[in-house]
Amino acid sequence: MNTSSTTPYAQRRTRLAALLGSKGIAIIPSAPEQQRNRDSDFLYRHDSYFYYLTGFAEPKAWLVVTGDGKSTLFCQPKDLEREIWDGFRLGPDAAPAQVGVDAAFSVAEMDQQLPALLDGRDAVWYPFATHKALETRIDGWLGSLRARVRYGALCPQQLRDLCVLLDEMRLFKDSHEQDIMRRAAQISAGAHVRAMQLSARMLRAGEPVREYHLDAELLHEFRRHGSQYPAYGSIVAAGANACVLHYRADAGEVRDGELVLIDAGCELDGYASDITRTFPANGKFSAPQRALYELVLASQEAAIAATRAGARFTDPHEATVKVLAQGMLDLGLLDSNKVGSLQDVIEKRAYFQFYMHRTGHWIGMDVHDCGSYIEPSEVGTVSERKDPLSGELIKDRPARILQSGMVLTIEPGIYVRAAEGVPEQFHNIGIRIEDDAIVTATGCELISRDVPVTVQEIEALMRGVI
């Protein structure tokens, strides 16, 4: 591990220290290990905030950063017997040189060291509501310090939410992060390509195809290229299952003539990718499938065109809704005699029957990454409106202004369940198209387009032409 003060992790700690104030202190734990069943844990995944500041992936670790720019790591001590079973531990002696912190101690010494580190600080920053019992531990350390006030100890008077600072930092991806995310998207795109090809190949050979066959292809490609694990539970939804937004890859049959929706992305070195493609299981769109697919793609292209520095986060969604709503009217999914004009459809949210989610979200270390969706400079500007469907009173604040370095998904969809008044040729068709985009000054960089997206490209791929 590079210990130079110019590493991204050291730079982030320096930036954070400046935000804490000269007498502030931040305490950041890594994620706990999670038991899966008897004598077996889930595969360990670090806490994103902790890893963002350290690049250190071992469990049972804590980072302390003070406003004067000093950082202290608490980690597991060397234990040769446990390392035989659980693997290598860096240990406190090697940590300063390897992680680039100023000091390191065994995690067993935290109760001894933390009161001293807290002494003289005016504010304690830690991530609120993210770690069970964290507040209790901090209360214990503060209690130990208060017991020494008669000897001149000074106890912090404020508890502050560290997420406020780190969420804003993490919202803007530096070049190091962007490079990892490009590679993660490239790996994921390759996995989608393989799954498309496998579906067509197996059906042409007359072999039974299940959702788990395609899921296995995704996992194989992720790991083959160095991804540590999927960024989230892969959605592999055949036929009507695609109308379930958070469906998980299961044993559903992939049938000739139906569509398959795959929403899957790998995690690479702590960063997520998130790609969705919908394709005909046999490699050829039917006329109704093609009509809906090209509508969703047109709505995505409108959203892409609206994604650029200076635009609002909501602009891509509004562009998507306008295209989808008009398409629903044109294709007969919505009856203009009942729902009115395009403007009526949008204002009354009549499109919600077929499109019920937002067009994107932040993406980064977490697949639904942190960061405010409200513009900080306008947070005091509030308007109220009544939701036309639920009747709920909603408070609206101005949406975030996009800036270069932000990364978000662009993922419109359409989901047509069988219902009275819905044209039968569209029943049980679910389509979503999703790409990852880095905001630039003039537009956005789509980093996930190594997997085909147009009807012609998908059909050619599945025929084996490209």
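Nothing in this text is a laboratory measurement; each read-out follows from the coordinates by a stated rule. Since the structure is predicted, the reported quantities are computational estimates derived from the model, not experimental observations. Methodologically, a virtual Cβ is constructed for each residue, glycine included, from the backbone with ideal geometry; neighbour enumeration extends over all protein chains shown.
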Seminar exercise, completed: Once Lys and Arg are counted +1 and Asp and Glu -1 for all other residues with Cβ under 10 Å from that of Thr381, the total becomes -2
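Convex hull over the Cα atoms of the range 409-457, averaged projected area in nm²? Walk me through the numbers on the way to the answer.
Values: hull surface 19.9 nm².
With the hull built on Cα positions only, its mean projection is 5.0 nm².
Relative contact order for the chain using alpha-carbon pairs under 8 Å, separation at least 6, rounded to a whole percent?
Numbers: 951 pairs, mean separation 62.1, N = 466.
Worked out over the chain, it gives 13 percent.
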Problem set entry | Extent along principal axes [Cα atoms of the range 8-170; Å; largest to smallest] | 46, 34, 31
Problem set entry | Which labelled figure in (1) 22.3, 75; (2) 25.3, 82; (3) 21.7, 63 is Rg and Dmax of the Cα atoms in Å, once derived from the coordinates | (2)
Seminar exercise, completed: Relative to the chain, whose Cα atoms define the longest principal axis, helix 134-146 and its Cα axis are tilted in degrees, nearest 10, by 20
For this session: Could you state the angle between the C-alpha long axis of helix 175-204 and the longest principal axis of the C-alpha atoms of the chain, as a value from 0 to 90 degrees rounded to the nearest 10?
Result: 40
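Sort Leu334, Leu19 by Cβ crowding within 10 Å, fewest neighbours at the top.
If I rank by nearby Cβ atoms, fewest first, I get Leu19, Leu334.
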Exercise. What FRET efficiency comes out for the pair Phe128/Thr442, r = Cβ-Cβ distance, R0 = 60 Å, nearest 0.05?
Worked result: 0.95
For this session: On a C-alpha basis, how far is the centre of the range 144-201 from the centre of the range 292-347 in Å? Whole number, if you could?
Result: 32
For this session: Counting residues in the range 325-451 as N, plug N into 2.2 N^0.38 Å and put the Cα Rg over that result.
Result: 1.27
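Determine, for Ser341, Ser30, Ser234, Ser40, the number of other Cβ atoms within 10 Å of each Cβ, and report the residues in order from fewest to most.
On the way: Ser341 11, Ser30 26, Ser234 22, Ser40 7.
In increasing order of surrounding Cβ atoms, one gets Ser40, Ser341, Ser234, Ser30.
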Exercise. What is the fewest-to-most order of Ile438, Ile346, Ile28 by other Cβ atoms lying within 10 Å of their Cβ?
Worked result: Ile346, Ile438, Ile28
Seminar exercise, completed: Under 13 Å between C-alpha atoms, the lysine pairs in the chain lying 8 or more places apart or on different chains count 6
Problem set entry | the range 15-51-the range 387-443 distance, computed between alpha-carbon centres (Å) | 32
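Give me the percent of DSSP beta bridges within the range 8-170 that run antiparallel, rounded to the nearest 5. Don't skip to the answer; put the middle values down first.
Values: 11 of 22 bridges.
Antiparallel bridges make up about 50 percent of those DSSP assigns within the range 8-170.
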Seminar exercise, completed: Of all DSSP beta bridges with both partners in the chain, the antiparallel percent, nearest 5, is 80
